[in-house]
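The block underneath contains the structure these notes are about, expressed in structure tokens.
Read the figures in this text as sums done on the coordinates, not as results from a lab. Being a predicted model, the structure only gives us computed values, none of them experimental. Virtual Cβ from ideal backbone geometry, glycine too; neighbours counted across all protein chains shown.
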Amino acid sequence: MSGAALGLEIVLVFFLALVLLHRYGDFKKQHRLVIIATLLAWYLCFLIVFILPLDVSTTIYNRCKLAVNSSPAESNGSYVTVAPSKQKCIKPWSYIPNGIMPIFWRVVYWTSQFLTWILLPFMQSYARSGGFSITGKIKTALIENAIYYGTYLLIFGAFLIYVAVNPNFNLQWNQLQTIGIAAANTWGLFLLVLLLGYGLVEIPRSHWNGAKRGYLLMKTYFKAAKLMTEKADAEENLEDIMEEVRKVSESIKYNHPLRKCVDTILKKCPTEYQERMGRNMDDYEDFDERQNSYPSEKSLVKLHKQVIYSVQRHRRTQVQWQILLEQAFYLEDVAKNETSATRQFVHTFRSQEPENKIIQYFYTPTVEWYWECLLRPWFYRVLAVVLATFSVIVVWSECTFFSTKPVLSLFAVFIQLAEKTYNYIYIEMACFLTIFFLSICVYSTVFRIRVFNYYHLASHHQTDAYSLLFSGMLFCRLTPPLCLNFLGLTHMDATISHRNTQPTAYTSIMGSMRVLSFIADGFYIYYPMLVVILCIATYFSLGTRCLNLLGFQQFMGDSEMTSDLIDEGKELIKREKRKRQRQEEGENRRREWKERYGNRDDSTRNRVVHTDQKESSFSETNISRPLSKYTRANGRTERDRIELLQDAEPLDFNADSINDDTLELDSGRYQPGGRYLSMSRSEIFDDV
């Protein structure tokens, strides 16, 4: 099993990152380099989280071997002198041989740092650029990132000057490397505590509120009102941009030097706008440079950027609106089915997506009723209590992890108790659950936050390239300090525990933070205590109240604006529900029409064909030409009537008001499908 656990987790984490990226990104429409870069960033960050527990168990085993093989004098003050015999040093099932983990962590860490500080910011600017050539996009990206890179070089230079002026330090390559790592981890820890303080409170509270059906429904109405405003704004913005594109397309003719740029812009427009502009464009008219003023290439680049953004925003709001409607309809169905006497879940509308037969077999309406109306609220309440307990433990440990005598951090106490018995399964599970919960609190906040319209992770393949790359940057910057914070909570970091023990392979590549003592002994120790203040602020919704005062509508139960938006959203949902009901009624009527009269039309067609064959044979054997002419003409008229009747599918009609007499339509009468039998009897017989 040596190294097998490492290889298995590497493969599983890759598929986890791939599935999650497929939910938010669009593999078909977005550029491959954007997908690959984002996938690599997410994959490396998730890999660090899942592999770190294996590093902890391997380090504990190596400490045990050192304690057994060393004399008491050599191991005086050591953390692992608790092993009295060699029998206790049992090799863990997930043991990773020496030399593998340091190389693995070095490759993963520096690759993630290269992505977050160099490649991803450049690709962000490249993706948002409106240039028409690769050279133009690269030039724009370099100009936009000049200030960005200069700021971080200034910060690194400040650290470098501090170390150079201090006479106690001799600058070496390892120390310069440590300064760079310390600068990156300091920035990441600053943002980490902010996101962690929000997630520790909001995640348990969201699950507790998830058990309240009325609360979820009111919040959905609130979201519907806000999303409708955003949707209308996106549609209006798209119309304005398309009007500018139309004017540019009409002014720049086919033989203009910038016509290729205009064609590139038109390809990014929605199909209906492309067809409309194509009909109004006269490509045979030459342009006259002396008479008209044409837009410059710079203005076309700006217009191209606006088109990409407006089309993506319009498409995203449309999809989000449909998803929100389905959610609102489902919550209303749950509220109605709670008082059902049959205890079977009844949906107002059929699912638009085909359901799996296996799920339909096990997840019956009765099972769905018990889960949605009885079990799910209690499950969410129990889960909320468990998550709240974890949050309290994390907050306590963040405030006390610097204390080594006595050990006050609960995570460190759990790990030390398991270390005495060398229960590696318990150690790995405890480490995994701890770091997984911390990651959920931080990463879920990254997925929830929204910076106006510039950064927004939207599910169902609606996230743009800029937001995907920005999320990859955040993950790569947050994960290393998150792991260092976890090792500090469990006292596996020698900088925190102040013990002369073998460090983990992960902390060994970070170098000794003693180069910058004010960071190692000050910022890393006391700054995480601010999580208490952030948790209190989140619990009382201080941030939400401040945003509401600034004019950003937030969901607050005691606000008059919130009540107005809830009422507005409720009316919007009712209107969409009536619209959906009319559509389904129309489909049901079409289905009834085909079921009632589809077979009759087929039998009538067969009867007409048989009669026509008999009359044709009769006309060949008889001399009476007028009779033959009349019979064939009558058969032709009948066939025309039946074919027109088959093509007719009215959009909306009352099937109950139709009887057999109304189906006997004469020539020249208006047909249900909107067609006329335009030929009179004399015109029909003139063709024979």
Note on region 418-479: the mean projected area of its alpha-carbon convex hull, in nm², is 5.5 nm²
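What ranking do 237-243, 306-312 get when scored by the average of other Cβ atoms within 10 Å per residue, highest first?
Values: 237-243: 16.3, 306-312: 20.0.
Descending mean neighbour count gives 306-312, 237-243.
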In this structure, the FRET efficiency calculated for I155 and T366 from their beta-carbon separation, with R0 = 60 Å, to the nearest 0.05, is 0.45
PRE zone check, label point 7 Å out along Cα-to-Cβ of L547, amide N under 17 Å, scope region 417-442, hits 442
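Figure the gain on full extension for W110 and V407 (residue separation times 0.36 nm, minus the Cα-Cα span) and round it to one decimal in nm. Write out the running numbers ahead of the final one.
Working: separation 297, 0.36 × 297 = 106.92 nm, distance 3.33 nm.
Result: 103.6 nm gained on full extension.
By how many nm would the segment from I525 to L374 grow when fully extended, if each residue of separation counts as 0.36 nm and the alpha-carbon distance is taken off? Walk me through the numbers before you get to the answer.
Working: separation 151, 0.36 × 151 = 54.36 nm, distance 4.59 nm.
Value of the extension gain: 49.8 nm.
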Taking 49-58, 294-303, 388-397 and ranking on average Cβ neighbours within 10 Å, highest first, one gets 49-58, 388-397, 294-303
Once amide hydrogens are built 1.01 Å from N within the peptide plane, the residues lying 5 or more places from Y294 or on another chain with amide H under 5 Å from its amide H are none
For H256 and L142, extending 7 Å from Cα along the Cα-Cβ vector and measuring point to point gives, in nm, a value of 3.0 nm
Given a Förster distance of 25 Å, the FRET efficiency implied by the Cβ-Cβ spacing of W93 and L12, rounded to the nearest 0.05, works out to 0.95
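Please give the contour-minus-distance gain from R590 to R32: 0.36 nm per residue of separation, less the Cα-Cα distance, rounded to one decimal in nm. Before the final figure, lay out each step's value.
Working: separation 558, 0.36 × 558 = 200.88 nm, distance 4.38 nm.
Stretched fully, the R590-R32 segment lengthens by 196.5 nm.
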Across all Cα atoms of region 555-597, Rg and the largest Cα-Cα distance (Dmax), in Å, are 18.1, 58
Distance in nm between K420 and E239 label points, each 7 Å along Cα→Cβ, equals 7.4 nm
So, with points 7 Å from each Cα along the Cβ direction, the W396-R23 label distance in nm works out to 3.2 nm
